[in-house]
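For reference, the structure discussed in these notes is given below.
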Amino acid sequence: MRLEGKRALITGSGRGIGRAIAVRLAREGADVAINDLNVQGDARETLAEVQTAGRRGVLVQADIGKAEQARQLVEEAIRQLGGLDILVNNAGVERRAAFVDVKEADYDLVLDVNLKGTFFVTQAFVRHLRAEKRPGRVINISSVHEEMPFPGFSTYCLSKGGMQLLTRDLAVELGPNGITVNAIAPGAIATEINRALLDDRPRVERLLKQIPLGRMGKPEDVAGLAAFLASDDADYITGSTYYVDGGLAWNYRE
Ligand code: BGC
């Protein structure tokens with residue numbers, strides 16, 4: 001087990017990619033803090049799977065789009081797990097709208113959760129590591145759209161483009177503290193964020209033709225890489241984004 005004795009916080013881990021990462025890190029030996037907007041529903045299933053893996057799981061409710069709640073989330077996870085070594089910034093939302101129709105409320109929602117939330121959760125995590133003079137791992141769940149245009153999703157692209165440069169910037173600033181910062185860029189993964197797509201069979205068929213490996217990804221496809229980046233094997237890796245997209249990025253046409 002590669003993560004024996006480690007403690008990890010995974011934002012937005014009630015379902016989807018976040019859940020798969022929480023469960024995978026637990027199977028690798030980590031105790032995990034599971035966060036969601038509401039921890040009464042799906043998050044309980046994540047908790048049950050973590051416990052089945054034989055690890056400790058705690059549920060912490062917070063809307064990370066609000067800086068105060070982002071800080072409280074990290075403090076609560078630290079209090080319940082006795083500290084944190086690994087942070088996975090997974091929580092994310094997307095809203096589809098033509099650029100000319102984007103509403104301020106949707107702009108704020110996407111930027112607040114995807115970028116501001118990542119920023120302030122990470123800040124609280126890094127303050128904790130610095131206070132304890134310990135190294136740590138930050139893994140940002142970005143998207144192939146940190147690099148590639150996604151027409152109809154300008155707010156999402158803006159947030160993931162920001163995440164890309166935040167990853168690089170913090171890798172440089174925090175490297176001297178022994179804190180690595182990397183990103184994972186999933187392509188089309190079959191989760192709730194893609195509900196509208198999954199319910200539109202012709203759109204799915206068009207998308208599958210663009211994925212060289214011929215299928216949409218599973219949350220578990222992303223979780224394996226997260227476990228690797230959290231492990232000692234990734235000691236010398238920082239400031240990079242790793243794609244998990246079945247080859248989509250090199251063959252993408254909207
Ligand atoms: C988005 C999905 C999209 C995929 C590939 C992801 O980041 O969340 O909606 O299907 O990228 O374009």
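The values are calculated or read from the model by the stated rules, or taken from the named source; none is laboratory data. For clarity, every value in this text was computed on a predicted model and none was experimentally measured. Cβ placement follows ideal geometry from the backbone for every residue including glycine, while neighbour counts extend to all protein chains displayed. Keep in mind that these areas ignore ligands, DNA and RNA; they rest on the heavy atoms of the full protein, side chains included. Shrake-Rupley method; radii C 1.70, N 1.55, O 1.52, S 1.80 Å.
Worth pointing out:
- Cross-chain or 6+ apart pairs with Cβ under 7 Å, segment 215-240 first and closer than 25 Å to L165 by Cβ, then open to solvent by less than 60 Å² (accessible area, probe 1.4 Å) and basic (K, R): L229/R137; A230/R137
- Scoring I184 on the criteria (1) open to solvent by 20 Å² or more (accessible area, probe 1.4 Å); (2) within 12 Å of the ligand (Cβ to nearest atom) leaves a single failure, condition (1).
- Members of segment 220-248 that are within 15 Å of the ligand (Cβ to nearest atom), touching a Gly at 6+ places or on another chain (Cβ under 9 Å) and open to solvent by 20 Å² or more (accessible area, probe 1.4 Å): D221, Y243, V244, D245, G246, G247
- Scanning segment 117-160 for residues that are open to solvent by 20 Å² or more (accessible area, probe 1.4 Å) and among the charged types (D, E, K, R), we see that the one that is farthest from the ligand (Cβ to nearest atom) is K133.
- Residues in segment 29-85 that are under 18 Å from the mean Cα position of the chain (by Cα) and small (G, A, S): A30, A33, A43, G57, A62, G65, A67, A70, A77.
- Residues located in segment 98-139, provided they are in contact with a helix residue (DSSP H, G or I) (Cβ under 8 Å, 6 or more places away or on another chain) and among the acidic types (D, E): D106
- Test set (1) over 14 Å from the mean Cα position of the chain (by Cα); (2) within 14 Å of the ligand (Cβ to nearest atom) - N114 fails condition number: (1)
- Hey, T167 among the hydroxyl-bearing types (S, T, Y) and more than 10 Å from the ligand (Cβ to nearest atom) or not: yes
- Among the residues of segment 1-44, the one identified as of a type in the set (V, I, T), free of Cβ contacts under 8 Å to residues at least 60 places away in the same chain and in contact with a Ser or Thr (Cβ under 7 Å, 6 or more places away or on another chain) is I34.
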